[in-house]
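The values are calculated or read from the model by the stated rules, or taken from the named source; none is laboratory data. What you see is a predicted model, and the numbers here were worked out from it, not measured in a lab. Using ideal geometry, Cβ is built from the backbone for each residue, glycine included, and neighbour counts are taken over all protein chains shown. Heavy atoms of the whole protein, side chains included, go into the accessibility calculation; ligands, DNA and RNA do not. Shrake-Rupley method; radii C 1.70, N 1.55, O 1.52, S 1.80 Å.
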Amino acid sequence: MTGVAALYRPGIMTNSTTPRRRVLVVGLGISGIATAIRLHKLGWEPVLIERAPERRKGGYFIGLFGTGQASARRLGVLDTLVDRNSPLMTTYEIDRDNHRFKGMSFVDAPGAPLPLLRGDVEDSLFSALPKDMEVRFATVPTRIEQGAHGADVTLTHTKSGTSTTERFDLVVGADGMRSTVRQLVFGPHENFLHPLSYMIAACVLRNPVQGYATHEGLVLAEAGRSAWVFPFANHNPTLLFSYRVDDVAAQFRGRPIESLRKAYGPEKAGSVLSHLLHEFETADEYLFDSTNHVRMPSWHKGRVVLVGDSAWCLTLYSGMGVSTGLAGGELLGDMLEKHPDDMERALTRWEEKLRPFVEDMQRDSLKARAFFTPANEPQRVFRAMSIRLMSNRLTGPIVKKVMRDKDFKAKMIDIVAQ
């Protein structure tokens with residue numbers, strides 16, 4: 001381990017002679033930890049590395065659908081997730097003058113997703129890591145060379161700059177939309193990132209919106225832009241801005257709040273939107289980024305495989321990013337278990353089973369984007385009418401029944417190992 005700072009969990013054995021296959025998992029997020037847990041259960045020796053100097057806490061709203069719940073259960077973490085749901089939870093559609101009408105909460109979506117913070121899932125997964133699993137922070141791969149007997153990976157400590165080269169039987173890139181593993185092995189980001197021409201900004205609200213309880217959510221949806229407040233039973237609400245842009249690069253030239261104020265102007269903001277913009281501007285932590293799909297002809301090459309956002313990046317508009325990240329990591333272990341002596345066969349079968357579902361979810365996310373952020377005035381009007389119909393006591397059940405239940409389709413992941 002010379003030259004690489006490592007954080008060892010209690011009880012780790014650094015000189016084990018057990019002939020276990022080593023796997024390097026790059027990225028201490030949901031997909032990475034889920035994959036490491038599954039492969040450890042299979043008898044592999046995972047080494048988890050993370051660019052950040054420590055675990056990132058918190059996170060913003062996510063919905064965990066049935067497929068993600070099933071994978072979380074099999075990984076042993078479902079029962080440890082914090083219950084953020086509440087029968088009091090409700091959502092209002094509003095305008096800038098704070099006129100409101102009853103809307104549809106995210107938890108009312110088909111498939112009955114669990115409302116969670118992304119950090120809830122990461123916390124549960126991290127706590128479930130075996131005590132003998134090695135986790136190294138402030139560490140990144142800087143070179144990956146593959147051969148018949150393994151992948152030689154140069155690992156560099158981001159603070160000291162020192163490096164070491166180690167051999168692994170498998171390398172899993174779970175390091176996000178701008179994956180370093182993908183760049184090293186498959187090529188530059190521009191070959192695979194497909195911009196959706198939308199920006200997102202998110203933070204946790206420190207101060208509630210005046211006139212609303214913490215269990216009440218808000219949606220301000222206008223042509224080309226929207227603002228969402230997601231409520232929780234036992235946590236401050238989280239805020240999400242989503243808006244359409246013609247020039248993504250221009251959004252990063254100034255401060256994020258400047259881009260936001262321009263995107264939501266020049267009209268008068270009103271009391272609610274003004275409060276939300278101020279909350280974002282003064283937040284200790286926030287997310288500000290463009291939205292992209294990752295599209296690749298193959299998610300694996302030799303002994304390197306990509307999982308989660310590194311491979312596909314469904315975006316928040318799909319609502320299935322976390323669920324698919326969990327299921328994809330679990331399925332990878334299933335296929336390696338089915339084909340223990342043929343890694344290429346295992347990775348090929350994994351991709352064959354998962355790819356149709358992921359590509360379908362990517363297509364669905366382009367349609368669902370109009371629900372989060374209508375692109376134009378006709379979409380806004382149609383969305384408002386749909387929300388009113390779905391929120392109505394008489395018409396709601398009928399409309400929801402004919403809606404496409406994406407979670408039903410997601411059950412195909414649970415069938416793949418049969």
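Computed from Cα positions, the angle between helix 118-127 and the longest principal axis of the chain comes to roughly 30 degrees. Modelled spin-label separation between Arg355 and Ala223, with each label point placed 7 Å from Cα along the Cα-to-Cβ direction: 4.0 nm. Using a Gaussian network model of the chain whose springs link C-alpha atoms within less than 10 Å, name the residue from Leu260, Leu240, Leu184 with the highest mean-square fluctuation. For the chain, modelled as a Gaussian network with Cα springs under 10 Å, the answer is Leu184.
Which value, in debye to the nearest 20, describes the size of the charge dipole of the range 275-381 about its Cα centre when Lys and Arg Cβ atoms bear +1, Asp and Glu Cβ atoms bear -1, and nothing else is charged? Display every interim value, and only then the final one.
Working: 12 positive and 18 negative charges, 107 e Å.
For the range 275-381, the charge dipole is close to 520 debye.
With r as the distance between the Cβ atoms of Asp83 and Asp341 and R0 = 51 Å, compute the FRET efficiency 1/(1 + (r/R0)^6) and round to 0.05. Display every interim value, and only then the final one.
Values: r = 43 Å, r/R0 = 0.84.
Calculated value: 0.75.
Give the accessible surface of the range 25-181 per residue, rounded to a whole number of Å², with probe radius 1.4 Å and ligands, DNA and RNA excluded. Kindly include the intermediate steps, with their values, before the conclusion.
On the way: 6080 Å² over 157 residues.
The answer is 39 Å² per residue.
Taking the Cα centre of the chain as origin and assigning +1 to Lys and Arg Cβ atoms and -1 to Asp and Glu Cβ atoms, the resulting dipole is close to 460 debye. Distance between the 7 Å Cα→Cβ label points at Ala148 and Asp284: 5.6 nm.
Largest first, the extents of the alpha carbon coordinates of the range 223-276 on the three principal axes equal 38, 23, 21 Å.
Each of Leu193, Trp228, Thr214 was scored by the projection of its Cα onto the charge dipole of the range 186-247, and the greatest displacement toward the positive side belongs to Thr214; charges sit on the C-beta of Lys, Arg, Asp and Glu. Placing a label point 7 Å from the Cα of Ser271 along the Cα-to-Cβ line, the residues of the range 173-215 whose backbone N sits under 12 Å from it are 209-212.
Placing unit charges on each Cβ (+1 for Lys and Arg, -1 for Asp and Glu) gives the range 162-210 a dipole about its Cα centre, and among Thr180, Phe168, Leu205 the Cα reaching farthest toward its positive end belongs to Leu205. Residues whose amide H comes within less than 5 Å of that of Met296, counting only those at least five positions distant or on another chain, are absent (H built at 1.01 Å from N in the peptide plane).
In the chain, a dipole from Cβ-located charges (positive for Lys and Arg, negative for Asp and Glu) runs towards its positive end, and of Ser310, Ala128, Ser86 it is Ser86 whose Cα lies farthest in that direction. When Cα extents along the principal axes in Å is computed from the coordinates, the matching label among [x] 67, 47, 39; [y] 61, 45, 44; [z] 59, 49, 44 is [x].
Computed from the C-beta positions of Lys367 and Ala233 and an R0 of 35 Å, the FRET efficiency is 0.70 to the nearest 0.05. Counting heavy atoms of the protein chains alone, Arg349 has an accessible area of about 60 Å² for a 1.4 Å probe. With 21 Å as the limit on Cα-Cα distance, the pairs of Lys102/Lys262; Lys41/Lys131; Lys57/Lys262; Lys301/Lys353 that go past it are Lys102/Lys262; Lys57/Lys262. Tell me the carbon and sulfur percent of the accessible area for the range 17-108, rounded to whole percent, probe radius 1.4 Å. Carbon and sulfur together cover 49 percent of it. Placing unit charges on the Cβ atoms only, positive for Lys and Arg and negative for Asp and Glu, gives the range 19-145 a dipole magnitude near 440 debye about its Cα centre.
The aspartates and glutamates whose alpha-carbon is closer than 16 Å to the alpha-carbon of Lys159, local same-chain residues fewer than 8 away aside, are Glu50, Glu54.
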